[in-house]
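Taken together, the values in this text are just the output of simple stated rules run on the coordinates, not laboratory data. All figures in this text were calculated on a predicted structure; none of them were measured in a lab. Please note: Cβ atoms are built from the backbone with ideal geometry, for glycine as well, and neighbour counts cover all protein chains shown.
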Amino acid sequence: MKDDYDLSGEKRSKKKVLHLLVVSSLIFGMFFGSGNLIFPVHLGQLAGNNWMSAAFGFAISGSLFPLLAILAVVVTKSDGLYDLARPVGKFYAAMFLVLVHLTIGPFFGTPRTAATAFEMGLKPFLPAKFDTVGMLVFTALFFGLAYVLTVHQNRLLKYVGKYLNTIFLVLLAVIFVVAFLNPMGGLNHMPTQAYQTSATVSGLLEGYNTIDAVALLALSVTFVHAVKGLGYKDRELTGLTAKAGSLSIALEVLVYFGLVLLGSFSLSRLNLSDNGGTALSQIVNYYFGNFGAAFLGVLVTLGVFTTAMGLVASFSQDFHKLFPKVSYLAWLRVTTVMSFVVANAGLDNIIAWSLPVLMLLYPLSLALILVSLTVHSKPYAGVVYKMTIAFTVLPAVFDMLNASPEAVTNLTFVKTALNFYHQYVPFASLGLGWVTLTLAGFVLGLVFGKLGVFASATNSVESRN
């Protein structure tokens, strides 16, 4: 009997390890897109021999913030973005969910995945006169396949976690092995001016631009549902999700350091590129010749396609929860069709107006992560949530205005307000003005909460259930 028990225990242990690896692969595949692939390469070129300090800074904002987003979902036992934000207020939670998913989803993030895949995967092989038709056909197939593969929510784990992301990682590993066995040169290259004295800070600001913390909050509903689909509940669900998230972020850090190294090595043979996409293309072409363009096209397409699947699924799951009378499938049709239309009808203009909204959402997301990780179970949590978000809204709006198109930033009152903001709020000129104000709101919320001020507004996160 003991042997049978030990055998069954061994089987359970192996099954848990397999589940951990597959869920980790799912999380990695959903949020690691083209930006995560090309930003670090360009960072390596910019940082030169200060590549390690720059990569460390990039990892803090590009990996630590997303990890904290995952842990915030796990700690609060939230079943999506609405649950996570509800202690601030039901209206705020609904508005926040809609803004995040529309911006990360069909108004910006999802169409850009298809556009990037076309630009790097198919466009180089098409005559210029077929660009418009090619884009139309490619995006139709791209979103059609994304729809088909996400119709059944419980299969997302298999398609992304087991297959697509595994292929992506294998292809990426091939590049690393070839490049590191035969490096282009040394690492003794002069950094650009911004990376000569403050490489870590510059790298941190570059990683901040990935906005992955917002994406992880939006995608949380999908990987939580995936873990539930494996039969995990309560503490086991929380434990597996936390471990899988941590493992996926650890893998991401390794990939980031590898990509930064590639960029720094490349300066021995290549000139500083305008962007990471160009740099990565040149590096791959150097090692793989004419085959390099096709290889890179497949790699990038796989990377953005798994992200697109995660985005359309999470959009549909969260909107179905917010508007339960409309089915998951109906919302899935809405987001895939909208993404297809936007990708083919002025994506550049949509991006120009979507980026400011992302700059609004990022400080609000990080503020939400802060309070979720620290006070979610306290009896005065409601006061801290509300005070922290209230103090974050103003700098978030200023960051949004600062990132807006010239039609907005050239307005006299906007210029005046931004000058005041950048002059008097610490770190505002770096796009981090929210940091001090958010912390001030958080501390005041703690003081008022513990003193019983605004007691009627207190709202323990227990009420979310």
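For this structure, a couple of remarks:
- Straightening the chain between Val443 and Lys415 buys 7.0 nm, computed as 0.36 nm per residue apart minus the Cα-Cα spacing.
- Computed FRET value (nearest 0.05) for Ala352 with Lys450, which takes r as the C-beta separation and R₀ as 51 Å: 0.70
- Calculated FRET efficiency for the pair Phe288/Lys158, C-beta based, R₀ 35 Å, to 0.05: 0.70
- Spin-label zone in the range 161-196 - amide nitrogen under 20 Å from a point set 7 Å from the Cα of Ser268 along the C-beta vector: 174-192
- Among Asp212, Asp79, Asp274, a tally of other beta-carbon atoms within 10 Å of each Cβ gives an order, fewest to most, of Asp274, Asp79, Asp212.
- Our compactness index for the range 375-465, the C-alpha radius of gyration over the empirical 2.2 N^0.38 Å, is 1.34.
- Cα coordinate range in the range 132-171, projected on the principal axes (Å, largest first): 34, 27, 6
- Given charges at Cβ of Lys, Arg, Asp, Glu: the range 375-465 dipole, positive-most of Gly431, Pro395, Gly441: Gly441
- Note on the range 375-465: with charges restricted to the Cβ of Lys and Arg (+1) and Asp and Glu (-1), its dipole about the Cα centre is near 260 debye.
- Expressed as a fraction of 2.2 N^0.38 Å, the C-alpha radius of gyration for the chain is 1.00.
- Each Lys and Arg Cβ is given +1 and each Asp and Glu Cβ -1; about its Cα centre, the chain then shows a dipole of about 1060 debye.
- Computed label-point distance, nm, for sites Thr132 and Gln196 using a 7 Å Cα→Cβ extension: 4.8 nm
- Each Lys and Arg adds +1 at its Cβ and each Asp and Glu adds -1 at its Cβ; summed about the Cα centre, the range 38-132 shows a dipole of about 120 debye.
- The ranking of Met184, Met387 by Cβ neighbour count inside 10 Å, starting from the fewest, reads Met184, Met387.
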